[in-house]
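Comments concern the structure below.
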Amino acid sequence: MDYQFKDIEQKWQQFWADNQTFKAEDKSAKPKYYVLDMFPYPSGAGLHVGHPLGYIASDIFARYKRLKGFNVLHPMGYDSFGLPAEQYAIQTGQHPAVTTEANIATYRRQLDQIGFSFDWSREVRTSSPDYYKWTQWIFMQLFNSWYNKDADKAVSITKLIEHFEQNGSAGINAVCDDDTSTFTADEWKALSNPAQQNELLKYRLTYLRESTVNWCAALGTVLANDEVKDGFSERGGYPVEQKKMMQWSMRITAYAERLLQGLDTIDWPEPLKEMQRNWIGKSTGASVKFPLENQVPIAIGTRITSQDYIEVFTTRVDTIFGVTFLVIAPEHELVAELTTPEQKAEIEAYIAQTKKKSELDRMADAKTVSGAFTGSYVINPLNNERVPIWIADYVLAGYGTGAVMAVPSGDQRDYLFAKHFNLPIIQILDAQQMETEADPTKEGKYVNSDFANGLAYKEATAAIIAKLESLNLGKAKINFRMRDAIFGRQRYWGEPVPVYFKDGLPHLITEQELPLLLPEIDKYLPTETGEPPLGRAEDWNYKPSAAPSKSPPVGETSPAHEAGNYRETADPVYYEQLKDYSRSNRSQPTEAENILWQFLRKEQTGYKFRRQHAIDQYIADFVSLEKGLVVELDGHHHKLIKEADDARTETLNHFGFKVIRFTNDEVMRSPQHVFEQIKEKLELLPERDKSHFTGDQKVSPTGGDLEGADEYEYELSTMPGWAGSSWYWYRYMDAQNDKEFASKEAIAYWKDVDLYIGGSEHATGHLLYSRFWNKFLKDLDLVVEEEPFKKLINQGMIQGRSNFVYRLIDEEGRGTNTFVSHGLIKDHNVSPIHVDVNIVENEILNLNKFKEWRPEFSEAEFVLENGKYVCGVEVEKMSKRYYNVVNPDDLCQRYGADTLRMYEMFLGPLEQSKPWNTNGIEGVFKFLRKFWRLFHNDAWEFKVTDAEPTKAELKALHKIIRKVEEDIERFSFNTSVSSFMIAINELTDLKCNNKQVLQDLVVVLSSYAPHICEELWTLLGNPAGTLSYAPYPKFNPSYLVEDEFAYPISINGKTKMNLSISLSLEPKAIEELVLANADVQRYLDGKQPKKVIVVKGRIVNMVV
RNA sequence: GCCCGGAUGGCGAAAUUGGUAAACGUUGCGGUCUCAGAAGCCGUUGAGAAUUGUCUCUUGAGAGUUCGAGUCUCUCUUCGGGCACCA
C-alpha cells in the first residue's frame, strides 16, 4: 500500500489514547524526566501553526527520553482564566465557562491530531474549582506568611504575632511596608484587634494597600507592570493611567535578591536571564536623610511636617558635596507641607500640569526640563549647606524614595535642570570636565569635599558612608527597581480571592470553605456604583462557618486541615490503623465520642445537644437544634470519606444546619482546642426560630438560610491571569489529589521541571512569578527545589505574513469607505488596516470576498492600480488580530501530522523567529513517502529481507543514530531532519530493504514521525505499542571508521584539489606523498613550498 | 541612550573545537514518463569569465590575528528583541 497517512495517523492516535501509552508512572525504577510546555490559553481562534512548534520540539524530546529509558512526565493543560473569554462574554452574554469549555474542546482536537505523547490523565485547567481551590489555598499561605530577613525565608505569621506579644517590634528583621513604626509588647497588646490586623498587613506576603496602580479604563481593571507596554495595555492596546487604589499586592520584592541570585544556578537563555535581571533592577548605593531646615513658622502659623527629614537614594553618595538642590517627585507625600505660601500657586500649577500628562506624554517630553521650587530647604548633613527643594517630573514617585539629591556636576539630568533654572554647579573631582555636560566618571581626586578631599572614589565612598552612619543620617543601601506585583483584577473570569471584610479589614475564609466558587452574575460588567462584576452576585456574602449558600463546596470539607494533622504529627501508618480501628468498631462509640459527649452536655456548653439525631436521611453525631449546629466526629460512621461528607454537609446545610467536623485523633490529642472551637461556633451562630423544630420531631427545611446571621462582604476583585500559572507544574505531578495541591511523595519524586519550553514573552511575567511562588513554597517546605525550571528553551515566534488594505482618511481625520491600492498610497492620506490573508492571493485582494468579510466593508470602494487592488505586506506576529493565521488542521488534512511535525522542525533553529511559509512542506512529505517506500517493493507490497546488512548500509544507519542523538541533546531539531533525508537518500541509493537496518531506523525516526514509525514497527512484526518504549539503538563507531580520507590540498589557504590518503599515515609521510604527487607539482609550478601544514584527517596546506 | 541577539544563494537554511562555504529542502530552468495532467524519476540552479575537464570572486562593510577566518579581535552599517528621566 502506498503511504496512507490519514488511516495510519488516526489508527495510532486512537491506539495511544485507548491504551494510555504515555501515562507516566508515579513510582519507577527508571530515572525521572519532566518535559513541560507552557500551557496555552484556549483562545477562540484555536491553534495556529506557531503554537505547536514548541510542543513538537518538547514531544520529540519526551519521546526520545522514553527511548533512552527515562520515566517521562509530559503533561498538558489549559490556562483557562483570562480576559478574552470575559470580553466575549460581555459582548454576547455567553458565560465564560461555556466559551472556555468549547475552546478547550477545539484545542484538544487540534492537539490530538498532531500526535503528541501527552499524559492526558494529568490534565489541569486553571479555571476548574478542583484546581483553583489550591490557587486560593496558596494565596492563603501567602497571606499567613511574612518574610524574615534574618532567616532569609518566609515564616508563618503566627510566629510574628508571638514575637510581638513577647518583645514588641524589637528584634524583628522583616520585609515590611513601614519599618519605622516600632512598638513594645505592651503597646502591641493594647492595640485593638483591627489595629493589630492593620499592622500585620504591612508584613503579610500578600497584602491590601493603597498603591499607585496601572488603571486601564477600557478594560475596567488594574494591570501589573508586565502587562503594560509603553503606556498601553498589552492585551487590547488600550491606554493606561496611573491611579491610587486599594489593591491586593504580592510582596515579590521580598524575594528580589533570591530571584536574582537564582538566575546563576539555572540553564536558561542568557537574554532571558538578562531581562529578569533588568526587571529586578538591583542597584547598590546609599540612602541619605537630609534634615529639613526648619519646621518653624513661615509667614502664618506653624508648619508641622510628618517627618523632619527627606530621605533620598543615590548610587553616587561620593558626590554628596556637589549637591546643590534636592528634587522630589510631584506626587511626593511631603509636597504640600513643604510648599511655602509664596510658592503655592507655582507648585500647584506645576502639579496640575504633570497630572494632565499621560505616561506616554511624560516619556515623550523626557528632554524638556521642567520643575518648580517649593520654597523650602533641607540641610546637607555633611556640610550644613542650605539646599533648596524642587519638584520635577523627572523624579519618579515609584522608585527609591521618590526624592533625589541633585548633583549637576555628575548627573546629566541634574546638570540640565541646574542650567535651566540657574542653580549652582559644584565641581567635586579634580579630573571632572563639565563645561558642556555633566561628567559622571569616577576618575581623579575629590575637591570641594571637606574630609573627602584628595581621596579616590572607593575611599571617599567608604568614608562618606561611615560619616553618615555616625550621624545616623544615612547608610549603605541596596535598591531594587522591581515593585510588588499588583494581584487584584476588577474582572469576573478569574479566581475569587478567599477573603471577606470585617471592620474594613481583610480576613481569610477557612480552608474548609475552599474552594470559594465564582458566583453567577447577570452580566459581566462593573456594577452601577463602579464595583467589579462580582458585586453583581446576589446573596454572595460570607457567613462565618458557612459555605456560600448558592454554591455548595466541591471537594472534601477540610482536606488541608486533615492533611496537616496526619502528615505532620502522626505517621501515616498510625493514621491508617486509626481508620481501620474506627471502621471495625463502627457500632460502638469511640472513646473520642464519649469525651466529646461529656463536654457537649448542657452544663458545659449552655445548649442542649442530642446524640445520634436523625435529620432527613442522616443520623448526625451531635446536634443542637436551638443553634442549628451539627458536630460530626469523622472516622466513625462512613468509609467513603469524601463523597459521603460532601453529600452530608450539603443536605445538612440545606436544612439550615452548620456542620463542624473533627476527627477522633483531634479530640484525643487536644480536647480543649476542640471544645473551644465548638464554643466559638456556638457564639457566632444566632438562635434559630423555634418554629423550625418542636421537640424531637424531624426537622423541616428552613428556607431563609441563616437569616439575621452576621454576613460579611467578600473581596470583589479576582486574581490575575498569572495566579493559576504560577504553580501548575506541581499539579501535574499529582493532578487528582483532593487533599493537597500535590502529595509530598509526588513532589519528592518529580522534584522540578527538567526541560521547559515556551516563549520569551513570559520573561518578566509568568517566569518571574513562578520562580517567586516556587521559592515561597520551598520556604514552607512544601516543595523541594529552590528553582522550578532547571533548563528552559525559548522557541522562536512563528511570525505571520500580514496583508494590509489602506483606508482613505478625509479632511476631518475620519476613515472613509474608500480603499487605496498599495502602490498609490503615497498620494493619499490613508491608514493601514489588516486584512484576512485568506482573501488575498499573491498580494492581490479579492474584492468581493473583502466586501463579504465584514459588514462595515460591504459598500467599500477601491482605488485600483492596473485593475487590481494590491495589498501591503508585513511580517509580524501570527495572531487573530492581524488576520494572518495559518492553522494546522488544513496541513494535517493535506500532508498528515508526521509531515507537519517534521516540517515545523525543518523550518530552522527552534529558538529563532521566522515567518511561516508553507512552500517547503512538500519536501518533507516526499521524504516520508520515500522512507515508506524503503519497506515496500514497486507494487507497494511490504517487503524486507533478513540478510546481513552491508557495510554501506550500516554506515548510513549508524551515522544517523549518532547524529540524531547529538542533535536532540543540543535541541538542534532542524539539522536532524536534514540528516534523516540524507540517510534515506543513501539507503534508497543502496536499494536497502534490510530488516535489521530499517528497524533501527524506525526507532530513531519515531520521536519525529511517530505514526508512520508505529505502523512500520508493527509491519516488521513487533507488538503494537512497544515502539514508544523500545531502546534507542546503540551507536557503534566501528561502522564509521574510514581507511582513507580525501585530503583537501590547498595552497596559501585556497583549496586546489583532493587527494585520498590512508588515515594511518602520519603528517610527515603525508607531506612526502603530497609533494610527490604530479598534480600537486603542477599547482606548485616548480616552486618549493616554504612551509607545509598537515592536520591529520583534516587538511594539507602549503605556503609558497 | 543602555543591554542582548542576528546578518551566509531567488527563498528556509547547514557548516558542532579556526580546517573543502552553501549540506538538506524549496523555487526556477531543462529533460523523461503520459493522450493529457497529477505524482514519480533524471539533470541543473551563488556570481562572473572562459568553454569539456579551467580560472577569478563570494558569508552586511572595513581593518586585524593566523599557514588557514562564516567562525576569533576591533571599528562601522543594519535588522530584531528588551530596558529606559531608575537617581
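The values are calculated or read from the model by the stated rules, or taken from the named source; none is laboratory data. Just so it is clear, the model here is predicted, and its values are computed rather than measured. Every residue, glycine as well, gets a Cβ built from its backbone with ideal geometry; the counts of neighbours run over all protein chains shown. Just so you know, the surface numbers come from the protein's heavy atoms only, side chains and all, with ligands and any DNA or RNA stripped out. Shrake-Rupley method; radii C 1.70, N 1.55, O 1.52, S 1.80 Å.
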Have a look at A:Lys951, A:Lys963, A:Lys930, A:Lys943 and point out the one that is open to solvent by 20 Å² or more (accessible area, probe 1.4 Å), among the charged types (D, E, K, R) and under 16 Å from A:Tyr1032 (Cα atoms). A:Lys963
Lone unmet requirement of (1) within 13 Å of RNA strand B (Cβ to nearest atom); (2) not in a helix (DSSP H, G or I) for A:Asn1022: (1)
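Residues are listed down the side, and each one gets a yes or a no for (1) crowded, with 21+ Cβ neighbours inside 10 Å; (2) more than 23 Å from A:Asp752 (Cα to Cα); (3) not aromatic (Phe, Trp, Tyr):
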position: A:Ile8; (1), (2), (3): yes, yes, yes
position: A:Lys11; (1), (2), (3): no, yes, yes
position: A:Phe39; (1), (2), (3): yes, no, no
position: A:Ala45; (1), (2), (3): no, yes, yes
position: A:His51; (1), (2), (3): yes, yes, yes
position: A:Tyr55; (1), (2), (3): yes, no, no
Could you list, ordered by first residue, the pairs with Cβ atoms under 8 Å in which the first is in the stretch A:809-829 and free of Cβ contacts under 8 Å to residues at least 24 places away in the same chain and more than 17 Å from A:Tyr869 (Cα to Cα) and the second is assigned to a strand (DSSP E or B) and of a type in the set (S, T, N, Q), at least 6 apart or interchain? A:Ile809/A:Thr816; A:Ile809/A:Ser831; A:Asp810/A:Thr816; A:Gly815/A:Ser831
Counted residues in the stretch A:748-787 being open to solvent by 10 Å² or more (accessible area, probe 1.4 Å) and more than 17 Å from A:Leu260 (Cα to Cα) come to 10
So if I check each of A:Leu1065, A:Leu1073, A:Leu1040, which one is over 30 Å from A:Thr21 (Cβ atoms), open to solvent by less than 80 Å² (accessible area, probe 1.4 Å) and more than 56 Å from the chain's Cα centre (by Cα)? A:Leu1065
Scan the stretch A:950-970 for residues that are within 42 Å of the chain's Cα centre (by Cα) and assigned to a loop (DSSP other than H, G, I, E, B) and jot them down. A:Arg970
What are the pairs with Cβ atoms under 9 angstrom where one residue, in the stretch A:748-770, is farther than 26 Å from A:Ala254 by Cα and within 16 Å of RNA strand B (Cβ to nearest atom) and the other, located anywhere, is open to solvent by 10 Å² or more (accessible area, probe 1.4 Å) and in a strand (DSSP E or B)? Sequence gap at least six, or different chains. A:Gly758/A:Asn794; A:Gly759/A:Asn794
Could you figure out which of (1) open to solvent by less than 30 Å² (accessible area, probe 1.4 Å); (2) among the charged types (D, E, K, R); (3) touching a strand residue (DSSP E or B) at 6+ places or on another chain (Cβ under 7 Å) isn't true of A:Lys1056? (1)
Would you pick out the residues in the stretch A:1095-1104 that are within 9 Å of RNA strand B (Cβ to nearest atom) and of a type in the set (A, V, I, L, M)? A:Val1095, A:Ile1099, A:Val1100, A:Met1102, A:Val1103
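Can you name the residue in the stretch A:229-256 that is of a type in the set (Lys, Arg) and either open to solvent by less than 90 Å² (accessible area, probe 1.4 Å) or in contact with a Lys or Arg (Cβ under 7 Å, 6 or more places away or on another chain) (or both) and, of all such residues, is modelled with the lowest pLDDT?
Ranking the qualifying residues of the stretch A:229-256, first place goes to A:Lys243.
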Looking only at the stretch A:408-418, how many residues end up being open to solvent by less than 20 Å² (accessible area, probe 1.4 Å) and within 8 Å of RNA strand B (Cβ to nearest atom)? 1
Restricting the first residue to the stretch A:206-231 and requiring it to be within 12 Å of RNA strand B (Cβ to nearest atom), which pairs with a second residue that is in a helix (DSSP H, G or I) and open to solvent by less than 20 Å² (accessible area, probe 1.4 Å) meet a Cβ separation below 8 Å and a spacing of at least six or different chains? A:Ala224/A:Trp722; A:Asp226/A:Leu768
(1) within 15 Å of RNA strand B (Cβ to nearest atom); (2) surrounded by fewer than 21 Cβ atoms within 10 Å (Cβ to Cβ); (3) more than 28 Å from A:Ala897 (Cα to Cα) all hold for A:Asp989 apart from (3)
Looking only at the stretch A:425-445, how many residues end up being open to solvent by 80 Å² or more (accessible area, probe 1.4 Å) and away from RNA strand B (no atom under 16 Å from the Cβ)? 5
Among the residues in the stretch A:704-723, are any surrounded by fewer than 20 Cβ atoms within 10 Å (Cβ to Cβ) and touching a His at 6+ places or on another chain (Cβ under 9 Å)? yes
If you take the residues in the stretch A:950-961 that are in contact with a helix residue (DSSP H, G or I) (Cβ under 8 Å, 6 or more places away or on another chain) and not aliphatic (A, V, I, L, M), which one is farthest from RNA strand B (Cβ to nearest atom)? A:Lys951
Kindly indicate whether any position in the stretch A:1009-1031 is surrounded by 14 or more Cβ atoms within 10 Å (Cβ to Cβ), more than 27 Å from A:Lys6 (Cβ to Cβ) and among the polar types (S, T, N, Q). no
Would you confirm whether or not the stretch A:970-981 contains a residue that is open to solvent by less than 30 Å² (accessible area, probe 1.4 Å), under 23 Å from A:His51 (Cα atoms), more than 7 Å from RNA strand B (Cβ to nearest atom) and touching a Lys or Arg at 6+ places or on another chain (Cβ under 8 Å)? yes
